[in-house]
Amino acid sequence: MLRRSFLMLPALFVTANAMAEEVLRVSAIPDEAPTELQRKFAPLGKYLESELGMKVQFVPVTDYAGVVEALTTDKLDLAWLGGFTFVQAKLRGKVVPLVQREEDQHFTSKFIANTGTGINTLADLKGKSFAFGSPSSTSGHLMPRYYLQKDGIVPEKAFKSVAYSGAHDATVAWVTAGKVDAGVLNASVWDKLVGAGKVDAAKVKLIATTQPYYDYNWTVRASLPAAVQTKLSNAFLKLSPTVPAQKEILELQRAAKFVPTKAENYQMIEEAARSAGLLK
């Protein structure tokens, strides 16, 4: 059976009736501002409620590790994970990756620089200050680090300083403000910010793009009833841009469509993490 709703959230008063209600507890790695995560999830949450016939509750977390901890200790039922956080969750407990966006089969990261620094290539980063996203981010840390080191650039040795902004949009803000000379973030957030006119081209420029890799997915705890897992997979897979309400969901998720995924897709991520010394 699904767990009853028991996560204690700030300022949340739970009645006896609510305690008895079956709830699907969902969260996501905080790779963007909390308000943006809530905005993106709201219509998806309503859609899943209608497809599953149960309440869906979004549970915000403060860091990547918190999502992994909650999912692997049965305090969450479903989570939006990056490739690296999926690997961490897989190694810590029993989880099942259900679906990923079609785009996540060939994801990339974008290196950006402040226009006043004279940085035009990755080689120009040497001796400069640099920002990754979260230490646990696949696209904002692990894979960019992996590809840098393959090119002979070890961040802690080559850069003047290395910092962690905590989120992709924060990295852009840091580079824009000159807090760091350059940084890296995932392609999806970069494209979204550029498309929304939220990148000042006079202050920030794109200097390089990584090779593609598998990234994000929706993962469930393995103990979630099989019937619910199947309903969840089907709900994601049938989302269609030809249905107006579903088109909005796909656009907010920056997905053309969702496709099935499997743990084996993330073997390269695990190998990259071990190579970078981020997994023991």
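None of the figures in this text is laboratory data; all of them are computed from the coordinates on show. All of these numbers come straight from a predicted model, not from anything done at the bench. A quick note on method: Cβ atoms are made from the backbone with ideal geometry, for glycine too, and the neighbour counts reach across all protein chains shown.
Computed over the Cα atoms of the range 108-209, what is the convex hull's projected area averaged over all directions, in nm²?
Mean shadow area of the hull around the Cα atoms is 5.3 nm².
Treat every Asp and Glu Cβ in the chain as -1 and every Lys and Arg Cβ as +1, leave all other atoms uncharged, and give the resulting dipole magnitude about the Cα centre to the nearest 20 debye.
Computed charge dipole of the chain: roughly 220 debye.
Per 10 Å bin from zero, what fraction in whole % of the C-alpha pairs of the chain is there, up to the bin with the longest pair?
Using 10 Å bins, I get a P(r) of 7, 29, 33, 21, 8, 2, 0 for the chain.
Can you sort F86, F130 so the residue with the fewest Cβ neighbours within 10 Å comes first?
F130, F86
Can you compute the FRET efficiency between K126 and A42 using 1/(1 + (r/R0)^6), with r the Cβ-Cβ distance and R0 = 30 Å? Round to the nearest 0.05.
The calculated FRET efficiency here is 0.10.
Counting each pair of different Cα atoms once, what's the Kirkwood radius of the range 32-113 in Å, rounded to one decimal?
That comes to 14.5 Å for the range 32-113.
Average projected area of the Cα convex hull of the range 130-179, in nm²?
For the range 130-179, averaging the hull's shadow over all directions gives 3.2 nm².
Got a sec to turn the phi values of the range 105-118 into Karplus ³J(HN,Hα) couplings, 6.51 cos²θ - 1.76 cosθ + 1.60 with θ = phi - 60°, whole Hz, x for Gly and Pro?
7, 8, 7, 9, 10, 10, 8, 10, 9, 5, 5, x, 9, x
For the range 139-144, just list the computed ³J(HN,Hα) in residue order, Karplus coefficients 6.51, -1.76 and 1.60, θ = phi - 60°, integers in Hz, with x standing in for Gly and Pro.
7, x, 8, 3, 5, x
So if I take the centroid of the Cα atoms in the range 89-148 and the same for the range 263-280, what is the distance between those two points in Å?
14
If you build the convex hull over the alpha carbons only and average its shadow over all orientations, what do you get for the range 170-280? Give it in nm² to one decimal.
Result: 10.2 nm².
For the pair V243 and V259, how long in nm is the line joining their label points, each one 7 Å along Cα→Cβ?
Here the modelled spin labels are 2.1 nm apart.
Given only helices, namely DSSP H runs of n ≥ 4 each adding -39500 (n - 2.57), what is the per-residue ellipticity at 222 nm of the chain, to the nearest 500 deg cm²/dmol?
So the calculated ellipticity at 222 nm is -10500 deg cm²/dmol.
How high is the FRET efficiency between S50 and K198 when r is their beta carbon distance and R₀ equals 35 Å, given to the nearest 0.05?
According to the calculation, E is roughly 0.65.
Could you work out how much longer the chain between T115 and K157 gets when fully extended? Use 0.36 nm per residue separation minus the Cα distance between them, nm to one decimal.
Value of the extension gain: 12.8 nm.
Please rank E264, E32, fewest neighbouring Cβ atoms within 10 Å first, as an exposure proxy.
E264, E32
Residue-wise, which Karplus ³J(HN,Hα) couplings in Hz belong to the range 171-180, taking 6.51 cos²θ - 1.76 cosθ + 1.60, θ = phi - 60°, and x for glycine or proline?
Listing the rounded values in order: 4, 4, 4, 5, 5, 4, 7, x, 5, 9 Hz.
Mind putting a number on the dipole of the range 72-118 about its Cα centre? Charges go on the C-beta only, +1 for Lys and Arg and -1 for Asp and Glu, and I need it in Debye to the nearest 20.
With only Lys, Arg, Asp and Glu charged at Cβ, the dipole is about 200 debye.
Once the Cα atoms of helix 34-52 and of the chain are each reduced to a long axis, what angle between those two axes, in degrees from 0 to 90 to the nearest 10, is obtained?
Around 30 degrees separate the two axes.
To the nearest Å, what is the center-to-center distance of the range 42-56 and the range 236-256, using C-alpha atoms only?
If you average the Cα positions of each part, the centres end up 14 Å apart.
Compute the acute angle (0 to 90°) between the alpha-carbon long axis of helix 226-237 and the principal axis of greatest extent of the alpha-carbon atoms of the chain; round to the nearest 10°.
Compared with the principal axis, the helix lies near 50 degrees.
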